[in-house]
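These notes concern the structure reproduced below.
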C-alpha cells in the first residue's frame, strides 16, 4: 500500500527540510509498475482479437484491474481532501463530459532527495 502524506508532513528538499505545500491545487498520485499496467496492452488486445487467445485476455484484464485498483486508491485520496467525487458528479449531471488524462512519470523525473520523514 502506498504511503499517505499528511498536511503536516516534512520533506527533505534541496533547500532544506520543508512542510508539504497545502495551499496550491490538490493533487493525488500513485506509483505503478508500467509492466503491470500499460505495457503490452495493445499487443494483448490484438492477440485476443485476432487469435481468440484467452491467456491474452486474462493478462489484459489483469492489467486493467491493476490500473483501476491504483486509480481508485489515488482518487479516493483526492476525494477525501477535496470532495472531488461530488464535484465530478455534479458536472456530469449538467451534461458535461469527463476526460481522464493520467500523467505518466518515469523514474528520471523523480527526485529521490524528496522523501518524507517518519
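The values are calculated or read from the model by the stated rules, or taken from the named source; none is laboratory data. Predicted, not measured: the structure shown is a model, and the values here were computed from it. So basically every Cβ, Gly included, is an ideal-geometry build from the backbone, and we count neighbours across all protein chains shown.
Take the stretch 44-56 and flag every residue that is without any contact (Cβ under 8 Å) to a residue 12 or more places away in the chain and in a helix (DSSP H, G or I).
Answer for the stretch 44-56, where residues must be without any contact (Cβ under 8 Å) to a residue 12 or more places away in the chain and in a helix (DSSP H, G or I): 46, 47, 49, 50, 51, 54, 55.
Being loosely packed, with under 14 Cβ neighbours inside 10 Å and outside any helix (DSSP H, G or I) is the filter here, so list the residues in the stretch 57-102 that pass it.
83, 94, 95, 96, 97, 98, 99, 100, 101
Can you name the residue in the stretch 28-56 that is loosely packed, with under 13 Cβ neighbours inside 10 Å and under 22 Å from the mean Cα position of the chain (by Cα) and is also modelled with the lowest pLDDT among such residues?
Checking each candidate, the answer is 39.
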